[in-house]
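The values are calculated or read from the model by the stated rules, or taken from the named source; none is laboratory data. Keep in mind it's a predicted model, so treat the numbers as computed, not measured. Positions of Cβ are generated from backbone atoms using ideal geometry, with glycine treated the same way; all protein chains shown enter the neighbour counts. Keep in mind that these areas ignore ligands, DNA and RNA; they rest on the heavy atoms of the full protein, side chains included. Shrake-Rupley method; radii C 1.70, N 1.55, O 1.52, S 1.80 Å.
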Amino acid sequence: MLRVGIDNYGLFPLGLSPLETMQWALDHGAEGVAFSGLDEVHRMIFDNRQLVDLKNFAEEHGMYTEWGGGQHVPRDLTTWEPKNLFNHNRAMAREAGRLGTRIIRSCSGGLMRWNKESPSTEQLLSEMAESLLTQKQMLMDHNVILAIETHFEFTTFELTRVFEEIGVKPGECFGIYLDTMNLLTMLEDPVLATERVLPWVVSTHIKDGGLQVAGCGFNSFTAPFGHGIVDFETIIKLLGTLSCPVNLNVEDHGGDFDIPILNEEFRKEFPDLTDDEMGKLVGLSVKTKEKMDAGTLMVLDRKDWARVCETRMAKDLLDLKIEILHY
């Protein structure tokens with residue numbers, strides 16, 4: 001059975017502690033919390049006692065938890081200097097174990113294809129595969145799954161090839177953290193991308209969005225659940241076929257992203273993008289325009305998120321819970 005909860009990132013502007021976030025989730029009808037990361041203030045003061053408190057709270061109220069802080073690109077994404085991720089991810093694995101969860105979200109946070117100074121995608125993929133292979137036994141020993149988010153780093157095509165290259169199977173120590181809106185920014189149709197990685201999906205960011213035509217090509221942006229153009233009915237039904245149920249974690253925030261697909265050099269960064277999938281993206285942009293013209297869909301500036309975060313997260317959560325009752 002699919003359970004519905006929240007990702008704590010959407011509540012960052014409230015300045016809640018991890019335990020306060022769990023209480024907020026409980027008060028608003030969430031079945032769990034995915035702590036995809038902690039803000040700088042709470043990360044500095046976080047300790048094992050707080051992990052125990054979170055675990056006890058979750059067990060007392062029948063809630064799930066997921067952990068975060070994992071990384072998979074073995075580079076400093078500011079300087080591009082190499083870095084060893086083994087000790088960092090081992091620390092996250094130990095924390096996840098104390099919390100009582102197997103899922104560790106991994107996100108290195110890069111916009112590499114947008115940055116001409118970054119190493120090539122092929123080089124980063126090769127380095128990632130080598131790094132993950134060194135961590136494989138450690139993660140298995142801790143009985144955790146490093147769940148790589150579909151973020152702005154690699155496409156679903158590339159991630160599945162890496163998994164095949166390092167010889168791991170779904171359900172072992174590596175998986176996919178499916179972010180439904182980020183797929184648009186990586187020029188992937190959300191339904192097709194979900195189908196590509198479905199056996200690997202171990203958790204989700206349920207996030208809606210839009211894709212509009214812009215001078216550079218496309219512009220993607222976040223939207224309240226049910227207001228955008230992501231086909232959640234199909235995606236959630238696909239997720240429901242998995243033998244190990246995944247949690248549906250509402251994530252939301254402001255902001256938009258330019259995707260300069262009309263730039264020939266940038267277009268070459270997506271060699272797996274077919275004409276058929278591009279056609280589907282164009283179709284989604286048409287639906288986006290229709291909604292924007294009707295006034296039911298608009299871009300929210302990232303700086304305005306703090307003003308609406310609590311109301312929008314609560315509404316997203318409620319609307320998602322109502323939505324899955326229909327399936």
Revision key, fill the gap. Taking 42, 88, 326 and ranking on accessible area (1.4 Å, protein atoms only), highest first, one gets 326, 88, 42
**Study point:** Compactness relative to 2.2 N^0.38 Å, alpha carbon Rg of region 105-243
**Key:** 1.08
Review point. How much net charge surrounds residue 210 when only other residues with a Cβ under 11 Å from its Cβ are counted (Lys, Arg +1; Asp, Glu -1)?
Key: 0
Study note, to complete from the structure: Taking placed amide H atoms and a strict 5 Å upper bound, the residues 5 or more places from residue 145 or on another chain that come that close are 103, 104
**Study point:** Student exercise, region 1-153 dipole from Lys, Arg, Asp, Glu Cβ charges, in Debye to nearest 20
**Key:** 300
Check your understanding: Tell me which lysines have Cα within less than 22 Å of residue 83's Cα, excluding those fewer than 8 residues away on the same chain?
Key -> 116, 136
Review point. Just going by the charge dipole of region 5-61, with Lys and Arg at +1 and Asp and Glu at -1 on Cβ, which of 13, 42, 54 is farthest out on the positive end?
Key: 42
Practice item. Would you calculate the volume per residue, in Å³, of the smallest convex hull containing every Cα atom of the chain? Key: 132
Review point. If you put +1 on each Lys and Arg Cβ and -1 on each Asp and Glu Cβ, how big is the dipole of the chain around its Cα centre, in Debye rounded to 20?
Key: 500
Review point. Which value, in Å² rounded to 10, gives the accessible area of residue 107 with a 1.4 Å probe and all protein chains present?
Key: 30
Practice item. Please compute the net charge surrounding residue 279, taking Lys and Arg as +1 and Asp and Glu as -1 over other residues with Cβ under 14 Å from its Cβ. Key: -3
Point to revise | Extended-chain gain in nm, criterion 0.36 nm per residue less alpha-carbon gap, residue 90 and residue 192 | key: 33.4 nm
Check your understanding: Using helices alone, what [θ] at 222 nm do you get for the chain, with -39,500 (n - 2.57) per DSSP H run of 4 or more residues, divided over all residues and rounded to the nearest 500?
Key -> -13000 deg cm²/dmol
